[in-house]
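Structure, as structure tokens:
The values are calculated or read from the model by the stated rules, or taken from the named source; none is laboratory data. Predicted model only: the values in this text are computed from it and were never measured. Don't worry about glycine lacking a Cβ; one is built from the backbone with ideal geometry, like all the others, and counts go over all protein chains shown. Side chains are part of the model used for accessible areas, which takes the heavy atoms of the whole protein and leaves out ligands, DNA and RNA. Shrake-Rupley method; radii C 1.70, N 1.55, O 1.52, S 1.80 Å.
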Amino acid sequence: MNNNQSLLGFLNLDKPLGFTSHDCVAKFRRVAKIKRVGHGGTLDPAATGVLPLAVGKATRLLQFLPDSKAYEATIRFGWRTSSDDLEGEILEKNVASHLTLDQIKPHLAQFVGKISQIPPVYSAIQKEGRRLYELARQGKTIEVPPREVKIDKIEILNWQDGEFPELTLYIQCRSGTYIRSIARDLGDIIGTGGTLAQLRRTESSGFSLENSFSLTMIEEHLKVGTLTLFPLDYPLQHLEGITLSQEEAKRWCQGQLLPHQSDESRFLRIYDENGLFLGIGERVPPETLKPKTVIA
């Protein structure tokens, strides 16, 4: 595509180390010469992996993406840091060479399911209109309230002995979960302390690492006009899809309500008779279909 303003859809970026999610959006805006870009699911600068980018009208669909995430996380035992990862100040170092994987295994189950979690002090959560990391950098004492999060699965990938042994886990969870908090809390339960040493997101909002692109690859494709984006409805397959007749589609796109019977799904993918994705409809009980986000 030579006219980058015509870019429309989703891009599956493999976020590099050291970049914020905002940095990635700003970089793509510059190289693609397009203003309307957003991202789904923030990643810390020290994390890498899947960061979905929405381009053009796709930004209006970010709110409907599935909230599932998956990570490969390496926890270092014996360390406690101010940020619960290696980016922060080291608060404590205790040699934990005595620690074995068998000592840790029984404690992993308590992190699966709906759990209460206290986010890291250095996080983007807002308190009284300020980001927590801004308050932390000012040296202010912060009380971070716990929040309920959901973790679907935890599997052991690797164990490495040493003075400060490291455990690599596969963690499947929902939006809002802080992997740094899991590292900190597991270390506290074990009694050695723990911090997140490495984090790579392998799945996010319907996208996986296998079909992601680096920033360098994206730039190369843009230069020669071969960048292809994922269709608007690609990450929305978790929503029920329905097809409208030509007349219904016309009325729906004009903002009119339509009579419609549906299952329990609140939001639905809407298509016309030719299979064109029109946007997102909202089911209004008992039998009404309301335009929520019209894309076509």
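Structure summary
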| item | result |
| --- | --- |
| Residue check for ARG60: open to solvent by 20 Å² or more (accessible area, probe 1.4 Å), assigned to a strand (DSSP E or B), charged (D, E, K, R) and in contact (Cβ under 8 Å) with a residue 24 or more places away in the chain | no |
| Residue that is surrounded by the most Cβ atoms within 10 Å (Cβ to Cβ) [pool: residues in region 142-177 that are of a type in the set (Asp, Glu) and in a strand (DSSP E or B)] | GLU166 |
| Hits in region 67-94 (condition: assigned to a loop (DSSP other than H, G, I, E, B), farther than 20 Å from ARG201 by Cα, in contact with an Asp or Glu (Cβ under 9 Å, 6 or more places away or on another chain) and open to solvent by 20 Å² or more (accessible area, probe 1.4 Å)) | SER82 |
| Qualifying positions in region 178-196 - under 19 Å from the mean Cα position of the chain (by Cα) and open to solvent by 20 Å² or more (accessible area, probe 1.4 Å) | TYR178 |
| Within region 19-53, considering residues that are outside any strand (DSSP E or B) and of a type in the set (Ser, Thr, Tyr), the one surrounded by the fewest Cβ atoms within 10 Å (Cβ to Cβ) | THR42 |
| Residues of region 255-270 satisfying the condition of being of a type outside the set (D, E, K, R), more than 25 Å from LEU8 (Cβ to Cβ) and loosely packed, with under 12 Cβ neighbours inside 10 Å | PRO259, GLN261 |
| Count - residues of region 235-254 that are under 25 Å from the mean Cα position of the chain (by Cα) and buried (at least 17 other Cβ atoms within 10 Å of the Cβ) | 3 |
| Criterion (farther than 20 Å from GLU166 by Cβ and touching a Lys or Arg at 6+ places or on another chain (Cβ under 7 Å)) met by exactly one of GLY78, GLY49, GLY56 | GLY56 |
| Of all residues in region 1-18 being open to solvent by 20 Å² or more (accessible area, probe 1.4 Å) and of a type in the set (A, V, I, L, M, F, W, C), the one that is farthest from HIS221 (Cα to Cα) | LEU17 |
| Spans of strands (runs of 3 or more DSSP E) in region 189-296 with at least 1 residues among the small types (Gly, Ala, Ser) and under 30 Å from LYS105 (Cα atoms) | 194-204 |
